[in-house]
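Here's the structure, in C-alpha coordinates; my notes come after.
The values are calculated or read from the model by the stated rules, or taken from the named source; none is laboratory data. Model, not experiment: these values are computed from the prediction. What goes into the accessible areas is simple: the full protein's heavy atoms, side chains included, and nothing from ligands, DNA or RNA. Shrake-Rupley method; radii C 1.70, N 1.55, O 1.52, S 1.80 Å.
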Amino acid sequence: MKQLTDSDTERRLQAVQDALASAAREGQRVSPEAAADLEAYVRGEITTDEIRQRAMARLHADPRYKAATRS
(Lines give C-alpha, C1' and ligand atoms only; values in the text may rest on other atoms or scores of the structure.)
Protein backbone atom coordinates (compact mmCIF):
# COMPACT_ATOMS: atom_id res chain seq x y z
CA MET A 1 0.00 0.00 0.00
CA LYS A 2 1.22 3.51 -0.79
CA GLN A 3 2.39 5.90 1.90
CA LEU A 4 -0.48 8.04 3.17
CA THR A 5 -0.25 11.80 3.35
CA ASP A 6 -1.30 13.61 6.52
CA SER A 7 -4.42 14.68 4.64
CA ASP A 8 -5.23 11.05 3.73
CA THR A 9 -4.79 9.97 7.34
CA GLU A 10 -6.99 12.80 8.61
CA ARG A 11 -9.69 11.96 6.05
CA ARG A 12 -9.60 8.30 7.04
CA LEU A 13 -9.71 9.15 10.74
CA GLN A 14 -12.72 11.40 10.23
CA ALA A 15 -14.51 8.71 8.20
CA VAL A 16 -13.88 6.11 10.92
CA GLN A 17 -15.02 8.47 13.67
CA ASP A 18 -18.18 9.24 11.70
CA ALA A 19 -18.88 5.53 11.19
CA LEU A 20 -18.34 4.75 14.89
CA ALA A 21 -20.59 7.63 15.93
CA SER A 22 -23.29 6.42 13.55
CA ALA A 23 -23.06 2.90 14.95
CA ALA A 24 -23.29 4.25 18.51
CA ARG A 25 -26.39 6.33 17.65
CA GLU A 26 -28.03 3.21 16.28
CA GLY A 27 -27.10 1.21 19.36
CA GLN A 28 -24.73 -1.07 17.47
CA ARG A 29 -21.74 -2.52 19.24
CA VAL A 30 -18.36 -2.45 17.48
CA SER A 31 -16.28 -5.51 18.30
CA PRO A 32 -12.66 -5.15 19.39
CA GLU A 33 -11.64 -6.92 16.16
CA ALA A 34 -13.59 -4.47 14.01
CA ALA A 35 -12.16 -1.52 15.95
CA ALA A 36 -8.64 -2.88 15.38
CA ASP A 37 -9.38 -3.20 11.65
CA LEU A 38 -10.56 0.41 11.54
CA GLU A 39 -7.42 1.59 13.32
CA ALA A 40 -5.28 -0.35 10.82
CA TYR A 41 -7.21 1.34 8.00
CA VAL A 42 -6.52 4.80 9.44
CA ARG A 43 -2.80 3.94 9.60
CA GLY A 44 -2.89 2.79 5.97
CA GLU A 45 -2.13 -0.85 6.77
CA ILE A 46 -5.27 -2.26 5.16
CA THR A 47 -7.84 -1.16 2.57
CA THR A 48 -11.61 -0.83 2.82
CA ASP A 49 -11.88 -4.07 0.83
CA GLU A 50 -9.80 -5.84 3.48
CA ILE A 51 -12.00 -4.43 6.24
CA ARG A 52 -15.04 -5.79 4.40
CA GLN A 53 -13.43 -9.21 3.86
CA ARG A 54 -12.44 -9.49 7.51
CA ALA A 55 -15.90 -8.46 8.69
CA MET A 56 -17.58 -11.00 6.41
CA ALA A 57 -15.20 -13.74 7.53
CA ARG A 58 -16.03 -13.02 11.19
CA LEU A 59 -19.75 -12.95 10.38
CA HIS A 60 -19.67 -16.27 8.55
CA ALA A 61 -17.66 -17.84 11.40
CA ASP A 62 -20.24 -16.74 13.98
CA PRO A 63 -22.57 -19.60 14.92
CA ARG A 64 -25.41 -17.12 15.54
CA TYR A 65 -25.20 -16.06 11.88
CA LYS A 66 -25.15 -19.66 10.70
CA ALA A 67 -28.23 -20.48 12.78
CA ALA A 68 -30.13 -17.43 11.51
CA THR A 69 -29.44 -18.22 7.85
CA ARG A 70 -30.22 -21.93 7.85
CA SER A 71 -33.15 -23.01 5.73
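Numbers for the structure displayed
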read-out	value
Solvent-accessible area per residue for the chain (1.4 angstrom probe, square angstrom)	77
Equivalent ellipsoid semi-axes, the chain, via Cα gyration tensor eigenvalues times 5, rooted, Å	27, 15, 8
Highest-MSF residue in the chain out of Glu39, Glu50, Glu26 [GNM, Cα springs under 10 Å]	Glu26
Within a Gaussian network of the chain (alpha carbon springs, distance under 10 Å), most fluctuating of Leu38, Leu20, Leu59	Leu59
